[in-house]
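J.: Take this structure, written in structure tokens, and hold onto it; I'll ask about it next.
Each value in this text was obtained by applying a stated rule to the coordinates, not by laboratory testing. Just so we're clear, the structure is a prediction, and the values are computed from it rather than from any experiment. Heads up, the Cβs are rebuilt from the backbone with ideal geometry, glycines too, and the neighbour counts pull from every protein chain shown.
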Amino acid sequence: MRNRFFSLSGYGAGWSANRRFTLVAIGLACLLAIAAATAYFIGRGEQPRSPGSPAATSSPGTAPSAGTQDPADETGSVPAPPRISDPVAFAKAAAEMLWSYDTRDTSREQQLAGMEAWMTTESEYSDWASVSAQMPDPTLWSRMADQRQHATATAAEAHYPAAFKQALAEDPSAITEAYIYAVTVTGKQTIAWAKGGGGAEDRSITLAVQCRPSADCSLVAIAPSVAP
């Protein structure tokens, strides 16, 4: 039944070697050649857009005018980012957000706007393309909506990957350039659709999150592969 539903955790779409995550390497290593960290945060080059993936400039993330529109009208069922400063806790919340959706009451544009609200506002580090690439194209989203497809998720565990911890041990001051942390999250996604259809799958994802001192965390990027 896997072909009956779409998962927002399909991180393989559009990825290839030598693309993305130079920005994360910069954040983690302050331009130093920390091989352990860059082994899975691959240079992103020009970040070409994969077929069917929305471009960052085309996503509807513009905030409504104050007092004119309920924020829920812009983001549908996508939750607002939590105001927390712990990288692991934030990564778990972000993974649950990325693995969850509800086509019954949320449009594709609202889903994108809700996801974009989690992103860092520091453009030199933000890799919105890696996040927005998780979205289906408009035709597929429409078909999902026809089936009233929706998903919920639970993040069971999160940790710093071994390579990230090793990199920090070798150069503890490197993190202070951008305060970007790599966090791997595992959990479960439960999907349902019309006429009682449904299924559940285990999920894993490695995220780059930014947590500057005395500031709330934000999402930076999704790694092209899961780091142990």
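J.: When the chain is fully extended, how far beyond the present Cα-Cα distance does K165 get from D146, taking 0.36 nm per residue of separation?
T.: 2.4 nm
J.: Given +1 on the Cβ of Lys and Arg, -1 on the Cβ of Asp and Glu, and no further charges, what dipole in debye does the range 112-228 carry about its Cα centre, rounded to the nearest 20?
T.: 580
J.: Cross-link partners among lysines for K165, C-alpha distance below 24 Å, same-chain residues fewer than 8 apart left out?
T.: Excluding near neighbours in sequence, the set is K92.
J.: Continuing with this model, one more query. With each pseudo-label sitting 7 Å past Cα toward Cβ, what's the S204-T176 distance in nm, one decimal?
T.: 3.4
J.: Under the classification rounded if a/c is under 1.5, otherwise prolate if a/b is larger than b/c and oblate if not, where does the range 75-228 fall, given a ≥ b ≥ c as square roots of the Cα gyration tensor eigenvalues?
T.: Prolate shape, in that a/c is at least 1.5 and a/b is the bigger ratio.
J.: Still on this structure, I have one more. Rank-order 75-82, 216-223, 140-147, 195-202 by packing density, defined as the average count of other C-beta atoms within 10 Å over each peptide's residues, highest first.
T.: 216-223, 75-82, 140-147, 195-202
J.: Compare the peptides 83-89, 178-184, 132-138, 164-170 by average per-residue count of other Cβ atoms within 10 angstrom and give them in order, highest first.
T.: Those peptides, ordered most packed to least, come out 178-184, 132-138, 164-170, 83-89.
J.: Run the numbers on the range 131-228 and let me know its relative contact order in percent, using alpha-carbon pairs under 8 Å that are six or more apart.
T.: Reported as a whole number, the value is 26 percent.
J.: Let me ask another. Apply the Karplus parameterisation 6.51 cos²θ - 1.76 cosθ + 1.60, with θ equal to phi minus 60°, to every residue of the range 208-216 and state each ³J(HN,Hα) to the nearest whole Hz, in sequence, with x for glycine and proline.
T.: Values per residue, Gly and Pro as x: 9, 10, 10, 9, 6, x, 6, 9, 6 Hz.
J.: Next question, about the same structure. The range 111-155: which GluC sites (Glu not before Pro) are DSSP loop and have at most 13 other beta-carbon atoms within 10 angstrom?
T.: E124
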